[in-house]
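K.L.:
Submitted below is the structure of interest, expressed as structure tokens.
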Amino acid sequence: QVQFVESGGGLVQPGGSLRLSCAPSGSRLSIYTMGWYRHFPEKQSELVAVITDRGMTNYADSVKGRFTISRDNANNTVYLQMNSLKLEDTADYYCNVVEWDGTEYWGKGTQVTVSS
């Protein structure tokens with residue numbers, strides 16, 4: 001069974017940067033979209049960014065201009081470069097992968113803490 005594993009989370013000061021990665025362990029997939037969601041304590045999850053197989057992207061308004069999503073199609077890997085991090089970016093970040101046949105995968109999450 002394919003699993004996606006996130007990495008790159010951690011503790012960073014406001015204004016700092018982190019780069020999240022999400023890679024599969026398993027067979028090659030036919031992926032349509034790859035994205036990142038984040039979950040805040042006692043709040044709903046929100047879509048952070050998503051990228052299609054052709055490189056079209058969409059971002060939450062709160063991260064536009066600060067975060068960049070990219071993907072390596074050859075390795076089914078998605079990245080999230082996070083710059084100018086703010087206290088309110090503190091959350092658990094999850095990657096989401098959707099294949100062309102509609103099969104959906106979620107990673108187990110990586111914690112990002114922005115604190116001085």
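K.L.:
Kindly indicate whether any position in region 5-23 is more than 13 Å from the chain's Cα centre (by Cα) and farther than 16 Å from Leu87 by Cα. Break it down stepwise before answering.
P.N.:
To start, the set of residues in region 5-23 that are more than 13 Å from the chain's Cα centre (by Cα) comprises 10-17.
Those still in the list that are farther than 16 Å from Leu87 by Cα too: none.
The answer is no; no qualifying residue exists.
K.L.:
Right, next: Looking for whichever is open to solvent by 50 Å² or more (accessible area, probe 1.4 Å) and part of a loop (DSSP other than H, G, I, E, B) here; the options are Glu46, Glu88, Glu42. Which one fits? Explain how you work it out, then say what you get.
P.N.:
Working: Glu46 fails: part of a loop (DSSP other than H, G, I, E, B); Glu88 fails: part of a loop (DSSP other than H, G, I, E, B).
Of the residues listed, the single one that is open to solvent by 50 Å² or more (accessible area, probe 1.4 Å) and part of a loop (DSSP other than H, G, I, E, B) is Glu42.
K.L.:
Restricting to region 91-106, count the residues that are modelled with pLDDT under 95 and either in a loop (DSSP other than H, G, I, E, B) or closer than 26 Å to Pro14 by Cα (or both).
P.N.:
The qualifying residues number 4.
K.L.:
Next question. Please enumerate the residues belonging to region 27-39 that are of a type outside the set (Ser, Thr, Tyr) and either open to solvent by 40 Å² or more (accessible area, probe 1.4 Å) or not in a loop (DSSP other than H, G, I, E, B) (or both). If you could, list the steps in order and put the result at the bottom.
P.N.:
First pass over region 27-39, keeping only residues of a type outside the set (Ser, Thr, Tyr): 28-29, 31, 34-36, 38-39.
Selection gives Arg28, Ile31, Met34, Gly35, Trp36, Arg38, His39.
K.L.:
Another question about this same structure. Check off (1) assigned to a strand (DSSP E or B); (2) open to solvent by 70 Å² or more (accessible area, probe 1.4 Å); (3) within 12 Å of Cys22 (Cβ to Cβ); (4) not aliphatic (A, V, I, L, M) for Gln111 and give me the number that stays unchecked.
P.N.:
(3)
K.L.:
Considering only residues that are open to solvent by 60 Å² or more (accessible area, probe 1.4 Å) and assigned to a loop (DSSP other than H, G, I, E, B), look in region 49-61 and name the one that is modelled with the lowest pLDDT. Explain how you work it out, then say what you get.
P.N.:
Of region 49-61, the ones open to solvent by 60 Å² or more (accessible area, probe 1.4 Å) are 54, 56-58, 61.
Adding the requirement that they be assigned to a loop (DSSP other than H, G, I, E, B) leaves 54, 56, 61.
Details: Arg54: 94, Met56: 97, Asp61: 97.
Of everything passing the filter in region 49-61, Arg54 is modelled with the lowest pLDDT.
K.L.:
Pairs needed: first member in region 22-45, in contact (Cβ under 8 Å) with a residue 12 or more places away in the chain and within 15 Å of Tyr93 (Cα to Cα); second member anywhere, of a type in the set (Lys, Arg) and surrounded by 14 or more Cβ atoms within 10 Å (Cβ to Cβ); C-beta distance under 8 Å; at least 6 residues apart or different chains.
P.N.:
Note: pairs meeting the criteria are Met34/Arg71; Ser45/Arg38.
K.L.:
Could I ask something else about it? Under the condition of being surrounded by 13 or more Cβ atoms within 10 Å (Cβ to Cβ) and outside any strand (DSSP E or B), which residue from region 1-16 is modelled with the lowest pLDDT?
P.N.:
Applying the filter and picking the extreme gives Val2.
K.L.:
Does Ala23 fit the bill of being among the small types (Gly, Ala, Ser), in a strand (DSSP E or B) and crowded, with 20+ Cβ neighbours inside 10 Å?
P.N.:
Details: among the small types (Gly, Ala, Ser): yes; in a strand (DSSP E or B): yes; crowded, with 20+ Cβ neighbours inside 10 Å: no.
Considered against the rule, which asks whether it is among the small types (Gly, Ala, Ser), in a strand (DSSP E or B) and crowded, with 20+ Cβ neighbours inside 10 Å, Ala23 comes out as no.
The values are calculated or read from the model by the stated rules, or taken from the named source; none is laboratory data. Being a predicted model, the structure only gives us computed values, none of them experimental. Counting neighbours? That spans all protein chains shown, and the Cβs are built from the backbone with ideal geometry, glycine included. Just so you know, the surface numbers come from the protein's heavy atoms only, side chains and all, with ligands and any DNA or RNA stripped out. Shrake-Rupley method; radii C 1.70, N 1.55, O 1.52, S 1.80 Å.
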